[in-house]
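See below for the structure under consideration.
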Amino acid sequence: MKNENVKIAPSILSADFLNLEKEIIEIQNSGADILHLDVMDGHFVPNLTFGLPIIEKIKKTAKIPVDVHLMVTNPELYLEKLGKLGIDYVSIQQETVFHLHRQIRILKDYNVKAGVALNPATAVSTIFPILEELDFVLIMSVNPGFGGQNFLPLVYDKITKLKETAARKNPQLEIEVDGGVNNLNAPELIAKGVNILVAGSYIFNKKNYSQQVNSLRNRNVR
Ligand code: DX5
Ligand code: ZN
């Protein structure tokens with residue numbers, strides 16, 4: 001059964017950076033729904049990726065929505081600029097900010113879908129007071145910083161709690177899961193209410209991207 005409500009968001013962290021344009025075209029042709037861009041500052045996470053000039057180029061090339069996952073200590077430095085670039089989704093790590101509500105408002109002012117990302121050890125209840133303001137929540141199923149890590153099953157409970165509260169407070173809320181996502185955990189994630197699956201190594205480490213993308217979306221393919 002094909003699940004049309006589930007969006008697949010390949011993380012280009014595992015793509016070939018020397019051939020990024022080619023990779024993006026290929027991933028779009030594979031039927032992916034969203035491009036997931038991991039911004040790491042070497043401070044909040046022990047790894048460094050790319051910043052605004054590269055995001056700008058990618059946004060110009062992309063034909064599908066772009067999702068920027070900010071793993072940086074000072075996300076406020078990026079929000080207006082991402083808004084001006086017309087980025088579609090932006091998530092801020094809950095652990096990095098004092099004034100989360102204010103930062104979410106900045107994204108909304110630019111009509112960016114505003115999200116909060118939660119590390120594995122951060123409780124979902126920490127964002128319940130502002131749940132109505134959010135377009136999506138990103139549940140990290142690995143400790144952020146690297147691709148190719150093992151999925152942490154502790155997220156299942158968090159998703160259930162989030163889904164229950166969202167049903168009352170914000171039924172439109174999108175739920176994204178990121179880290180170690182593959183064809184084995186995707187069916188349970190979808191069943192629990194996740195509608196955006198991020199996957200890096202699971203997709204880019206194989207030659208046939210389209211087969212990998214479809215195997216996440218389709219419940220019966222293992
Ligand atoms: C991890 C990043 C993820 C990562 C996922 O810090 O936020 O987006 O690229 O990669 P996989 O799917 O390989 O765990
Ligand atoms: Zn990510």
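Bear in mind these aren't lab numbers, they're just calculated from the coordinates by the rules spelled out. Everything quoted here is computed from the prediction, not taken from an experiment. Heads up, the Cβs are rebuilt from the backbone with ideal geometry, glycines too, and the neighbour counts pull from every protein chain shown.
Out of region 1-48, which residues are near ligand 1 (Cβ under 9 Å from one of its atoms) and part of a helix (DSSP H, G or I)?
Residues satisfying the conditions are Ile12, Leu13, Ser14.
Could you say which residue among Leu162, Leu189, Leu184 is assigned to a helix (DSSP H, G or I) and away from ligand 2 (no atom under 16 Å from the Cβ)?
None of the other options fit; the residue is Leu162.
Condition first: touching a Leu at 6+ places or on another chain (Cβ under 7 Å) and aliphatic (A, V, I, L, M). Can you find one or more residues in region 92-101 that meet it?
Yes; the residues of region 92-101 include at least one that is touching a Leu at 6+ places or on another chain (Cβ under 7 Å) and aliphatic (A, V, I, L, M).
How many residues, within region 49-80, are farther than 30 Å from Asn208 by Cβ and aliphatic (A, V, I, L, M)?
The total comes to 5.
Which one of the conditions (1) under 16 Å from the mean Cα position of the chain (by Cα); (2) more than 16 Å from ligand 1 (Cβ to nearest atom) does Lys84 fail to meet, given that it meets all the rest?
Among (1) under 16 Å from the mean Cα position of the chain (by Cα); (2) more than 16 Å from ligand 1 (Cβ to nearest atom), the lone unmet condition for Lys84 is (1).
So, of the residues in region 49-68 that are outside any loop (DSSP other than H, G, I, E, B) and of a type in the set (A, V, I, L, M), which turns out to be nearest to the chain's Cα centre (by Cα)?
Val68
Scan region 125-141 for residues that are touching a Lys or Arg at 6+ places or on another chain (Cβ under 7 Å) and away from ligand 2 (no atom under 16 Å from the Cβ) and report the count.
3
Within region 142-157, which residues are within 15 Å of Ala191 (Cβ to Cβ), of a type outside the set (Phe, Trp, Tyr) and either buried (at least 21 other Cβ atoms within 10 Å of the Cβ) or in contact with a Lys or Arg (Cβ under 9 Å, 6 or more places away or on another chain) (or both)?
Correct list: Val155 only.
Among the residues in region 144-152, are any over 24 Å from Leu13 (Cα atoms), outside any helix (DSSP H, G or I) and of a type in the set (Gly, Ala, Ser)?
The answer is no; no qualifying residue exists.
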